[in-house]
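**Q** The structure's right below; bear with me while I get my questions together.
Rule-based calculations on the coordinates, nothing more; no lab input. As the structure is a computational prediction, the values presented were derived from the model and not from experiment. For neighbour counting, all protein chains shown are included, and Cβ atoms are generated from backbone atoms with ideal geometry for every residue, glycine included.
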Amino acid sequence: MNRKDVSRAVLAGVIVITGADLKWVSRAALHAQATPARTHSLPIFAVDRAWPRVPAKWKLGDASSFAVDAKDNVWLLHRPRTLKPAEAAMAAPPVIVFDTAGDFIRAWGGAGNGYEWPEREHGIHLDYQGFVWLGGNNCPTNGLPGLKPVADDQLLKFTQEGKFVMQIGHSNRSRGNADTENLHRAADVWVHPPTNELFVADGYGNHRVAVFDAETGAFKRMWGAFGNKPMDDDHCDVVAPKSFPDGPGPQNFSTVHAIRVARDGMVYVADRENRRVQMFTTGGTFVKQLIRTATPFARDLALSPDPEQQFLYVGDGDDIAVVDRKTLEIVGSIKVAGMIGGGHQIATDSKGNIYIAQTTAGLQKLAFKGMSPPQ
């Protein structure tokens, strides 16, 4: 494929790259992939308008992230400090838990002894042992009201009852991408059970995947886009590019916003501002990527709960793209009546439901209604 053809491919909106090979997906092929008229059976959803039921005494701030535990309880991390002053006294604790029906279970979180709670809550994850991991993405110069001028350079580990277990890194201490002790405004985490390793989308200040021992917090390895050495490019503003380069795209991650590790060990990274999903081995070897520049693609990620984890759900503007996890081909799109968007972060439960945290637009459950017939 020559440079002119690549430029046309970029305008078309979808490029799939495997190793050093570039595959152009035409508009016609894209249309075929993005509609249910395929040989795939695709998931069907409807908005659950009754979910959740927040206790009347509380108000929620911006909904940042969801996680789901082994009992399908749904854990919301929200930002109480985004509430207007008139509602601040009614702020719910930043971690609030609902069951799958939407009933309240428990809430906790905030400043405490022995740890540094993030200034701007961002990501939450429930690991296979039941521990709760969370972090923030505050930048010292973001100018947001009510926040201290520090960087959230730490991750916290708690029990489900809110008992502090461990902290990795410290607030305002990052030394950049080469730092093996601190994060820098990490966006998302995922624990891989076979190795008990914590994979971090270290993501707003740094531009890397960082891997730690989930038991001890010891640093193990890191990598950047395409498995490259990550390069420092620290700034507060998050600005989407006005145009995109030809070919595979930048050699450095931009905003590493979400990460998922499948059961077979494939690692999926949402490189949000570069509008691409990159796929790696657990050791950091680049496998392939999916670029979709025509829309705000790769906002967030979630895996379908079937045994093969057939689908990777990817936030795509107002929609959620349904991607074949192994081929990284778009096979469908989730856009149902009343849906609030593709999400800031999303999560799935064992029944196939999707939970959307859409920051200023709220939060939502998409109830799984089964699979469409193969077509």
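**Q** Could you grab the pairs with beta carbons closer than 8 Å, sequence gap of 6+ or different chains, first residue in region 324-338 and hydroxyl-bearing (Ser, Thr, Tyr), second one surrounded by 16 or more Cβ atoms within 10 Å (Cβ to Cβ)?
**A** That search, which allows pairs on different chains as well, returns Ser333/Ala34; Ser333/Asp316; Ser333/Asp319; Ser333/Ile320; Ser333/Ala321; Ser333/Val322.
**Q** Additional query: Could you check Gly341 against (1) touching a Lys or Arg at 6+ places or on another chain (Cβ under 7 Å); (2) within 30 Å of Pro245 (Cα to Cα) and say which number it fails?
**A** For Gly341, the exception is condition (1).
**Q** Is it true that some residue in region 324-340 is within 15 Å of the chain's Cα centre (by Cα) and of a type outside the set (Phe, Trp, Tyr)?
**A** no
**Q** Of the residues Asp232, Asp237, which single one is without any contact (Cβ under 8 Å) to a residue 24 or more places away in the chain and assigned to a loop (DSSP other than H, G, I, E, B)?
**A** Asp237
**Q** I've got another one for you. Of all residues in region 227-281, which are among the small types (Gly, Ala, Ser) and farther than 24 Å from Ala178 by Cα?
**A** Within region 227-281, Ala240, Ser243, Gly247, Ala262, Gly265 meet the criteria.
**Q** Condition first: of a type in the set (S, T, N, Q) and either over 24 Å from Gly205 (Cβ atoms) or without any contact (Cβ under 8 Å) to a residue 40 or more places away in the chain (or both). Now tell me which residues in region 98-143 satisfy that.
**A** Thr100, Asn113, Gln129
**Q** Turning to a different aspect of this structure: Counting only residues that are over 19 Å from Gln289 (Cβ atoms) and touching a Leu at 6+ places or on another chain (Cβ under 8 Å), how many does region 312-339 have?
**A** 4
**Q** Grab the strands (runs of 3 or more DSSP E) fully contained in region 186-229, keeping just those with 1 or more residues being surrounded by 24 or more Cβ atoms within 10 Å (Cβ to Cβ) and in contact with a Phe, Trp or Tyr (Cβ under 7 Å, 6 or more places away or on another chain).
**A** Of the strands (runs of 3 or more DSSP E) lying wholly inside region 186-229, those with at least 1 residues that are surrounded by 24 or more Cβ atoms within 10 Å (Cβ to Cβ) and in contact with a Phe, Trp or Tyr (Cβ under 7 Å, 6 or more places away or on another chain) span 188-192, 197-202, 208-213.
**Q** Which strands (runs of 3 or more DSSP E) sit wholly inside region 244-349 and have at least 2 residues that are of a type in the set (Asp, Glu) and touching a strand residue (DSSP E or B) at 6+ places or on another chain (Cβ under 7 Å)?
**A** Passing ranges, in order: 319-324.
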